[in-house]
Amino acid sequence: MHMRNHIPKPIIALTLATFLLVLVVLASGQSGAPASSCADCPVWNKTHQPFRVYGNTYYVGPHGLTSILLTSRSGHVLIDGALPESVPQIVANIRSLGFRIEDVKLIVNSHVHFDHGGGIAELQRLSGAKVAASPWSAEVLTKSGVGKGDPQFGSIVPIALVPRASTLRDGQTLRVGDIKLTAHFTPGHTPGGTSWTWESCEGGRCLSLVYSDSMTPVAADGFRFSDSREYPTAVQDFEKSFAFLRSAPCDILLTSHPDASGLWQRLEGRQSGVRPDPLVSPNACKELAGRASEQLRRRLESEKAR
Ligand SMILES: [Zn+2]
């Protein structure tokens, strides 16, 4: 008689289930996914159908992390590269819109955390594009992979490095073909944070677009925005960034995380025929500034108690 026959079936089933669960947990921890993978990464990296935002502006990122393509006859611009594992998706999205990654001439970013800047090195390699960034972000992109003074220093993984990046001035306008893209330094979330503005036209109607960097006071354990020695200007930096959002001409707001500006609800509205187009919302920048400044206020309040 086999030993096995003495063990009640439910126990065997339970043991087997536990064994399988352990296997699944082990596999998910060592799946060979890039080191930047995080708890939220699989959700952020879900695919999304690329679409035209307005005129020559297209959304080419995955579902949870924005990547924007601006096109011209003499080359394109890409804003943000999402995660390392997002790159194949971004490239395929660009192609499915009828454009080529090889025609991307310039890659810029909002901030150099792994979830927005993680894909830039590979996208740069595939396109041969120039990379331009704020001085703080250029240092991270080319040298350190993670920045000193970053509120999340110690809790985030470094990003893949690019061979070279040119440094931008606050307010500088970059040109590729007839694309004119202006950098606005919006520090706070990181010391090098950058938002972007440009115009896109359909027919004769030109709109002001804003790509806002993250405005959230997220930090590693122990970091205090109110009196950080590593980032002493954090609070005034945030105030500068909110002031930018309050004053920027802003017909269409895009954000580094689509959820921060309700992009998917707006798009659903547009696609179901809501008019005027819900993506065109001139108050969206001011509303984002209001939410962000309230978040910072609550964060500073909570730091008083610690
Ligand atoms: Zn970030």
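A short reminder: the numbers here are calculations on the coordinates, not readings from a lab. The structure presented is a predicted model; accordingly, all values stated were derived computationally and were not measured. With ideal geometry, Cβ positions are generated from the backbone for all residues, glycine too; neighbour counts draw on all protein chains shown.
Observations on the model:
- The mean sequence distance of close C-alpha pairs (under 8 Å, at least 6 residues apart), as a share of the length of the chain, puts its relative contact order at 13 percent.
- Using the Cβ-Cβ distance between residue 243 and residue 38 with R0 set to 30 Å, the FRET efficiency from 1/(1 + (r/R0)^6) comes to roughly 0.45.
- Exceeding the 24 Å Cα-Cα cut-off - candidates 105/286; 46/148; 240/286; 105/180: 105/286; 46/148
- Hull shadow area, averaged, segment 45-151 [alpha-carbon convex hull, nm²]: 6.5
- Full-stretch length increase - residue 280, residue 92 - with 0.36 nm per residue and alpha-carbon distance subtracted: 65.0 nm
- Nonlocal amide H pairs with residue 174, under 5 Å, H built at 1.01 Å: 181, 182, 183
- Protection proxy ranking, highest mean first, for peptides 237-248, 76-87, 206-217: 76-87, 206-217, 237-248, where packing is the per-residue count of other beta-carbon atoms within 10 Å, averaged.
- Taking the charge dipole of the chain about its Cα centre, with +1 at Lys and Arg Cβ atoms and -1 at Asp and Glu Cβ atoms, the residue from 198, 42, 160 reaching farthest to the positive side is 42.
- Across all Cα pairs in the chain, the calculated P(r) in 10 Å bins from zero up to the longest distance comes to 6, 26, 33, 19, 8, 4, 3, 1, 0 percent per bin.
- In sequence order, segment 262-274 has phi-based couplings of x, 4, 6, 5, 4, 5, 4, x, 4, 5, 8, x, 5 Hz under the Karplus curve 6.51 cos²θ - 1.76 cosθ + 1.60, θ = phi - 60°, and Gly or Pro positions carry x.
- Were the residues from residue 161 through residue 125 laid out at 0.36 nm apart, the gain over their Cα-Cα distance would be 11.9 nm.
- Overall, segment 245-306 carries a charge dipole of about 260 debye about its Cα centre when +1 sits on the Cβ of Lys and Arg and -1 on the Cβ of Asp and Glu, all other atoms neutral.
- The residues packed around residue 151, meaning those with a beta-carbon under 13 Å from its beta-carbon, carry a net charge of -2 if Lys and Arg are +1 and Asp and Glu are -1.
- Summary of the geometry: segment 201-276 and segment 113-142, compared by the centres of their Cα atoms, lie 20 Å apart.
- Here the sum of -39500 (n - 2.57) over DSSP H runs of 4 or more residues, divided by the residues of the chain, equals -9500 deg cm²/dmol at 222 nm, to the nearest 500.
- A cut-off under 12 angstrom between Cβ atoms defines the neighbours of residue 234, and their net charge, with Lys, Arg +1 and Asp, Glu -1, is -2.
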